[in-house]
Amino acid sequence: MSDVKLTLEPELETPAPGIPTLTLDGVEEEKPVAPEKKEEEQPEVQLTPEEQNVVDDFAEKNDITSSALEMQYGSGAQKKIANFSDTALANVRTKDLGEVGDEIANLVVELKSFDAGEEEKGFLGFFKKQANRLDGMKARYDKAEVNVNKIASSLEGHQVQLMKDIVMLDKLYETNLAYHKELSMYILAGKKKLKEVREGDLARITARAQQSGLPEDAQEARDLDSMCNRFEKKLHDLELTRMISIQTAPQIRLVQNNDTLMVEKIQSTLVNTIPLWKSQMVLALGVEHSTQAAAAQRQVTDMTNELLRKNAATLKTATIETAKESERGIVDMETLKITNESLISTLDDVMRIQQEGRQKRQEAEAEMARMENELKSKLLQISG
């Protein structure tokens with residue numbers, strides 16, 4: 001792994017470092033390095049013996065009495081963190097997981113939109129209605145399948161992009177760890193140098209000024225103490241920058257975790273939800289075929305039974321009527337009775353009429369005899 005030099009001069013963005021090398025020289029252009037195996041970030045900085053030697057060597061070379069060097073101390077690492085934050089922010093801004101969520105929601109709506117409909121009732125037009133219903137189901141399924149395939153294709157594209165983002169976030173995380181290590185080494189080297197100056201040069205110059213009472217010695221002590229204070233503030237600024245790096249690590253993991261969850265959700269949708277829906281639609285069409293066949297058979301059976309019942313009833317009625325007619329005489333007894341009674345009544349009427357006629361004739365003969373006698377008497381009276 002290539003070394004990264006820590007410098008007192010600001011530098012442009014550099015690739016993620018390996019074991020940092022502290023230096024007071026200008027920053028050299030570095031080549032990208034492959035990230036090491038990921039390590040969980042520790043609360044305290046853990047340095048290897050090689051890194052500790054780099055810190056010790058840099059502390060020896062550092063001169064905090066130089067205002068120029070003091071101002072530029074760690075500025076290169078701070079610039080790296082600033083550029084890295086911009087890069088991470090740009091990656092987060094370009095993500096639109098809401099679009100993936102919308103497409104999954106649209107997929108759910110599309111799957112729910114498939115409705116087999118209700119069964120038509122009635123025997124007339126039964127087969128035509130069933131055929132139309134099945135055709136309607138197939139048409140709705142074809143339409144839904146086209147939309148589902150479009151959404152699935154789009155989800156596959158999002159899945160590929162999210163997987164690339166996960167790899168990219170791994171690299172960002174490793175880069176952030178390396179920058180954090182570099183800042184920590186600057187801080188450790190600076191604190192060590194500051195302690196050495198305060199306990200060494202500053203204590204010696206302050207003691208000398210107290211002993212000599214000379215104003216120039218007192219001024220030298222104040223100047224060195226002021227430089228130590230400014231350098232301490234510089235180290236505090238570096239610690240703030242390091243805190244940004246510490247906070248960035250879990251943020252990267254959160255974004256990466258969200259991407260991972262979304263990839264898993266898309267994968268489940270592509271390999272489980274959509275194939276299951278398609279298989280269920282095939283089953284639904286098959287069940288519809290079976291249902292229609294059973295319904296048709298039921299309709300035919302019911303109609304056959306109804307025809308058989310009607311024919312049986314008609315046959316029974318016809319047979320009974322035929323039997324009755326076959327057992328019936330040519331002339332009904334009632335008819336003979338009525339005819340006989342009518343004949344007797346007629347004979348009685350004839351006899352009555354004949355008797356009345358005879359009586360009327362006798363009466364007429366008597367009346368004519370009377371009239372004849374009266375006429376004769378009258379004629380005799382006229383003649384005499």
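The values are calculated or read from the model by the stated rules, or taken from the named source; none is laboratory data. None of the values given here were measured: they were computed from a predicted structure. Here Cβ is always computed from backbone atoms with ideal geometry, including for glycine, and neighbour counts include all displayed protein chains.
Details
- Some residue of the range 295-317 being touching a helix residue (DSSP H, G or I) at 6+ places or on another chain (Cβ under 9 Å) and among the hydrophobic types (A, V, I, L, M, F, W, C): yes
- Checking every residue in the range 278-285 against the condition of being modelled with pLDDT under 80 and either within 30 Å of K164 (Cβ to Cβ) or outside any helix (DSSP H, G or I) (or both) gives at least one match.
- Residue among E216, E199, E232, E220 that is in a helix (DSSP H, G or I) and buried (at least 17 other Cβ atoms within 10 Å of the Cβ): E220
- Between M227, M262, M243, the distinction of being closer than 17 Å to A178 by Cβ, part of a helix (DSSP H, G or I) and either among the aromatic types (F, W, Y) or assigned by TED's automatic domain parsing to the domain that holds L172 (or both) belongs to M243 only.
- Qualifying residues in the range 290-339 (those that are of a type outside the set (V, I, T) and part of a loop (DSSP other than H, G, I, E, B)) - the one modelled with the highest pLDDT: D332
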